[in-house]
Amino acid sequence: MITRERVLEVLDKCLRYSQADQAEVVVLGGDTYLTRYATNYIHQNTAESNAHVYVRTVFGKKVGLATTNALDDESLRATVRLSEDTARVQPDLADFVSLPGPEPGDEADVVAAGPAYAERTASFTADERAEAVGRITALSRREGFEAAGAFQTGVFMVGVANSLGVRRYAETTRASLTAIVMGPTGSGYADDLSVDAGAIDPERVAEVAVKKCRDSQDPVAVEPGEYEVVLEPAAVADMVTFLGYLGLGALAFQEGRSFASGNIGKPVTGEQFTLWDDGTDPAGLPFPFDFEGVRRRKVMLIEDGVVKNVVYDSYTAGREEGRTSTGHALPPDMRYGPLPLNMFVKTGDATLEEMIASTKRGLLVTRFHYTNPLHPVLTLITGMTRDGTFLIENGKVKGPVKNMRFTQGILPAFAAIEAISKEARLCDMFGLGAVSAPAMKISSFTFTGQTQF
């Protein structure tokens with residue numbers, strides 16, 4: 001594992017090597033451990049240790065980027081030179097103002113201690129991962145099913161420094177467990193995600209996934225059309241993830257391809273829907289600063305259905321007079337612009353059982369699969385239901401149905417919210433962050449196709 005001292009050394013060396021007007025160095029390192037299983041057997045254990053160095057250099061308004069995962073002095077010098085050579089031949093980035101500088105009250109750097117790091121995760125062993133997986137496979141085997149999935153743990157370190165005086169370092173941990181349990185004619189799914197591997201609950205994951213698989217056998221087909229839906233947290237989180245990706249970053253907003261463009265201060269969903277991003281909240285996957293070294297801060301995105309803000313990095317903030325970065329820069333090689341990575345949906349006062357009981361005829365959806373955007377401004381997406389889709393009639397779950405294709409606008413769906421659950425679950429967001437999402441009942445949701453499974 002690369003050490004804190006080595007990361008800080010690499011940051012300082014690269015800055016010394018640079019002759020650019022401005023320079024920024026980002027070091028992303030970590031150790032990841034993965035236990036993968038299928039057909040009720042563990043078939044792979046891996047351990048990976050790696051570190052990437054990103055060097056961004058600036059001459060006037062020309063910006064270049066180069067990266068390496070070799071940390072010897074010669075490779076670091078060569079990477080700095082490549083970044084500078086690249087910058088010199090770039091066209092001017094007209095809206096570029098500056099890399100971010102230090103913030104008031106900055107310490108020399110940010111240390112690992114805090115809610116983003118759990119020693120239990122850092123010390124978690126392959127035997128412990130295997131034991132957790134064994135609980136899932138044992139229950140699956142007893143039912144005559146086959147389970148597949150993965151248990152991953154990791155320790156990650158981020159160091160950021162630039163020639164204007166920013167100097168940051170922090171560590172974070174992450175643990176995730178997934179289970180897909182498959183039977184002859186249906187499947188079930190469950191997962192768990194946390195900073196702390198000790199908080200992962202394999203018993204719950206096993207019981208939920210196996211029960212959904214058991215309940216999903218012998219599904220029947222239902223016709224496409226408009227349905228009431230009760231969406232479990234994984235399905236809600238999928239929609240929120242795409243809402244953030246498509247429209248809640250400043251680059252999409254400024255380029256006019258966001259639903260928020262021209263709509264700040266206007267209602268876009270029902271009043272029940274409130275969404276914010278808070279990279280400091282330990283209930284999510286917090287981290288103290290972004291990939292430019294700017295401290296993360298809470299940003300209210302949609303409040304009572306009204307668009308309030310989008311998130312910024314230093315470049316997009318520089319394109320608007322008086323705007324500052326909100327601490328949402330992505331790693332330097334990602335060109336999406338800033339994105340919210342630690343989102344929270346406001347919970348309600350209902351239970352899942354109450355939402356089902358209030359549904360005359362609709363569908364209960366465990367999660368979505370292979371979701372893709374169709375129209376970013378309209379927030380129109382399409383995808384499939386998966387691993388547990390059930391028909392509700394007269395307030396009761398009648399039985400499993402074959403999976404359905406949906407084609408639905410996210411904002412219209414959230415405008416049709418009838419109830420939100422009291423509890424939320426933490427769900428993965430593209431492997432970069434997380435969404436804390438409750439279950440929801442939505443009065444109208446469009447399904448446009450059927451499957452044979």
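Give the shape of region 192-336 as rounded, prolate or oblate, defined through the alpha-carbon gyration tensor: a ≥ b ≥ c are the square roots of its eigenvalues, a/c under 1.5 means rounded, and otherwise the shape is prolate if a/b is larger than b/c and oblate if not. The shape class here is oblate.
In this calculation the C-beta distance from ASP72 to PHE430 is compared with R0 = 25 Å, giving a FRET efficiency of 0.20.
Give, to the nearest whole percent, the P(r) tail of region 1-115 beyond 17 angstrom, counting all Cα pairs. Within region 1-115, distances greater than 17 Å cover 64 percent of Cα pairs. The charge dipole of region 20-110, taken about the Cα centre with unit charges on the Cβ atoms of Lys, Arg (+1) and Asp, Glu (-1), comes to about 440 debye, rounded to the nearest 20.
Per residue, the average separation of C-alpha pairs within less than 8 Å and at least 6 apart gives region 4-206 a relative contact order of 24 percent. Where the centroid of each part is defined by its Cα atoms, how far is region 157-230 from region 21-80 in Å? So the two Cα centres are separated by 26 Å. Angle of helix 126-142 to the longest C-alpha principal axis of the chain, folded into 0 to 90 degrees and rounded to 10: 20°. Treating the angle as unsigned and between 0 and 90°, give the value, to the nearest 10°, between the Cα long axis of helix 202-215 and the longest Cα principal axis of the chain. Roughly 40 degrees, rounded to the nearest 10.
Carbon-plus-sulfur accessible fraction, the chain (probe radius 1.4 Å, protein heavy atoms only): 50%.
Under the combined filter of DSSP loop state and at most 13 neighbouring Cβ atoms within 10 Å, region 292-346 retains these chymotrypsin sites (Phe, Trp or Tyr not before Pro): TYR336. Report summary: the helix-based calculation at 222 nm, which adds -39500 (n - 2.57) for every DSSP H run with n ≥ 4 and divides by the residues of the chain, gives -6500 deg cm²/dmol. When trypsin sites (Lys or Arg not before Pro) are flagged only if DSSP places them in a loop and at most 10 other Cβ atoms lie within 10 Å, the longest unflagged stretch of the chain comes out as 1-334. For region 262-316, the gyration tensor built on C-alpha atoms gives an oblate shape. Its axis ratio a/c (a ≥ b ≥ c) is at least 1.5, and a/b is not larger than b/c. Given DSSP loops and a limit of at most 16 other Cβ atoms within 10 Å, what is the longest stretch of the chain that contains no such GluC sites (Glu not before Pro)? That gives 322-453 as the longest site-free run. For the chain, a Kirkwood radius taken over Cα pairs fed into Stokes-Einstein (10 °C, viscosity 1.306 mPa s) yields D = 68 µm²/s.
What region 4-206 shows is 43 Å² of accessible area per residue, with the surface traced by a 1.4 Å probe over protein heavy atoms. Rounded if a/c is under 1.5, else prolate if a/b beats b/c, else oblate: with a ≥ b ≥ c from the C-alpha gyration tensor eigenvalues square-rooted, which is region 202-246? Verdict is oblate for region 202-246. Out of all DSSP beta bridges in region 219-453, what portion is antiparallel? Express it as a percent rounded to 5. Restricted to region 219-453, the bridges split so that about 85 percent are antiparallel. Simple rule: put +1 on each Lys or Arg Cβ and -1 on each Asp or Glu Cβ in region 153-215, find the dipole, and look at ALA175, GLY198, VAL160; the Cα lying farthest toward the positive end is VAL160. Of all beta bridges that DSSP places with both ends in the chain, some 90 percent have antiparallel geometry. Dipole of the chain computed with +1 at Lys/Arg Cβ and -1 at Asp/Glu Cβ about the Cα centre; of SER187, MET239, GLY265, farthest Cα towards the positive end is SER187. Ligands, DNA and RNA excluded, the heavy atoms of MET384 present near 30 Å² of accessible surface to a 1.4 Å solvent probe.
Short-range pairs are left out: with C-alpha atoms under 8 Å and at least six residues apart, the relative contact order of the chain is 15 percent. The mean sequence separation of alpha-carbon pairs under 8 Å and at least six residues apart, normalised by the residue count of region 23-62, gives a relative contact order of 49 percent.
Please give the helix 4-17 orientation as an angle from the longest Cα principal axis of the chain, in degrees from 0 to 90, rounded to the nearest 10. Result, in degrees: 50.
Structure note, pairs LYS211/LYS402; LYS211/LYS360; LYS266/LYS360; LYS62/LYS298; LYS211/LYS396: Cα-Cα distances above 22 angstrom occur for LYS211/LYS360; LYS266/LYS360; LYS62/LYS298. Placing unit charges on the Cβ atoms of the charged side chains and taking the dipole of the chain about its Cα centre, the candidate lying farthest along the positive direction among THR324, ALA138, LEU391 is LEU391.
Rounded to the nearest 20 debye, the dipole size of region 309-453 about its Cα centre is 500 debye, using +1 on the Cβ of Lys and Arg and -1 on the Cβ of Asp and Glu. Remark on region 219-453: ratio of C-alpha radius of gyration to 2.2 N^0.38 Å is 1.02. For an R0 of 25 angstrom, estimate the FRET efficiency from the Cβ-Cβ distance between ARG335 and THR448 and round to the nearest 0.05. Step by step, r from the Cβ atoms, then E = 0.20.
The charge dipole of region 4-206, taken about the Cα centre with unit charges on the Cβ atoms of Lys, Arg (+1) and Asp, Glu (-1), comes to about 380 debye, rounded to the nearest 20.
The values are calculated or read from the model by the stated rules, or taken from the named source; none is laboratory data. All values reported here derive from a predicted model rather than from experimental measurement. Note: ideal-geometry Cβ built from the backbone for every residue, glycine included; neighbour counts use all protein chains shown. Areas reflect the complete protein model, heavy atoms only, side chains present, ligands, DNA and RNA absent. Shrake-Rupley method; radii C 1.70, N 1.55, O 1.52, S 1.80 Å.
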